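Peer 1: Take this structure, written in structure tokens, and hold onto it; I'll ask about it next.
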Amino acid sequence: MKNKHRGSEAARAARQFLRELAAIGLAGVTHRLEATLEADDDVAGLLAVEEAVERAWARAAPDGSTPARQWMWSGQRDPSGAARLTFAAFDASGRPLLRRHLILTTEAEAARSA
């Protein structure tokens, strides 16, 4: 796995998104979760997101509800050149409840920018 660091950063971001969703009382009304990874190198981030959501969802929505999930990989970086991960949660009508955009970096990218 080429970008293990990106995967762990993506998993951490997914857990934070679920905590935020629960903290504002929207986990119980979430019917669909979406994550989009804009990165040109691999899909490790999305695999990490799936695993993190599997493990953390029960704490986010203790009522036992399980939302539909849609994970997307664009295969290229966003226009700024960064690898970006976007999370979104939607209600039963398809209305957005919460959306977050995050820039992800690998250890090598972080070292180059330091």
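The values are calculated or read from the model by the stated rules, or taken from the named source; none is laboratory data. The shown structure was predicted, so the numbers you read here are calculated from the model rather than taken from an experiment. Neighbour counts run over all protein chains shown; Cβ positions are idealised from the backbone, glycine included.
Peer 1: So A111 ticks every box in (1) at pLDDT below 75; (2) touching an Asp or Glu at 6+ places or on another chain (Cβ under 6 Å); (3) among the hydrophobic types (A, V, I, L, M, F, W, C) but one. Which box is left unticked?
Peer 2: (2)
Peer 1: List pairs: first residue in the range 67-82 and modelled with pLDDT under 85, second residue outside any loop (DSSP other than H, G, I, E, B) and aliphatic (A, V, I, L, M) anywhere in the structure, Cβ distance under 8 angstrom, at least six positions apart or on different chains.
Peer 2: Correct list of pairs: S74/L37; R77/A83; A82/I103; A82/L104.
Peer 1: Would you check if T86 is hydroxyl-bearing (S, T, Y) and in contact with a Pro (Cβ under 7 Å, 6 or more places away or on another chain)?
Peer 2: no
Peer 1: Also, quick follow-up: Working only within the range 28-43, note down all residues that are buried (at least 22 other Cβ atoms within 10 Å of the Cβ), at pLDDT below 90 and either farther than 18 Å from T86 by Cβ or not charged (D, E, K, R) (or both).
Peer 2: Selection gives L37, A39.
Peer 1: Something else now. Which one of these is in contact with a His (Cβ under 7 Å, 6 or more places away or on another chain) and more than 18 Å from G7 (Cα to Cα): A68, A61, A89, A27?
Peer 2: From the options A68, A61, A89, A27, the qualifying one is A68.
Peer 1: If you go through the range 50-81, how many residues are of a type in the set (V, I, T) and in contact with a strand residue (DSSP E or B) (Cβ under 8 Å, 6 or more places away or on another chain)?
Peer 2: Number satisfying all stated conditions: 1.
Peer 1: Among T30, T66, T36, which is hydroxyl-bearing (S, T, Y) and closer than 14 Å to L104 by Cα?
Peer 2: Checking each option against the conditions leaves just T36.
Peer 1: Follow-up. Test A60 against the stated conditions and say whether it is more than 10 Å from the chain's Cα centre (by Cα), within 20 Å of L97 (Cβ to Cβ), small (G, A, S) and at pLDDT below 85.
Peer 2: yes
Peer 1: Next question, about the same structure. Taking only the range 75-102 into account, find how many residues are on the phi < 0 side of the Ramachandran plot and loosely packed, with under 14 Cβ neighbours inside 10 Å.
Peer 2: Final tally of qualifying residues: 9.
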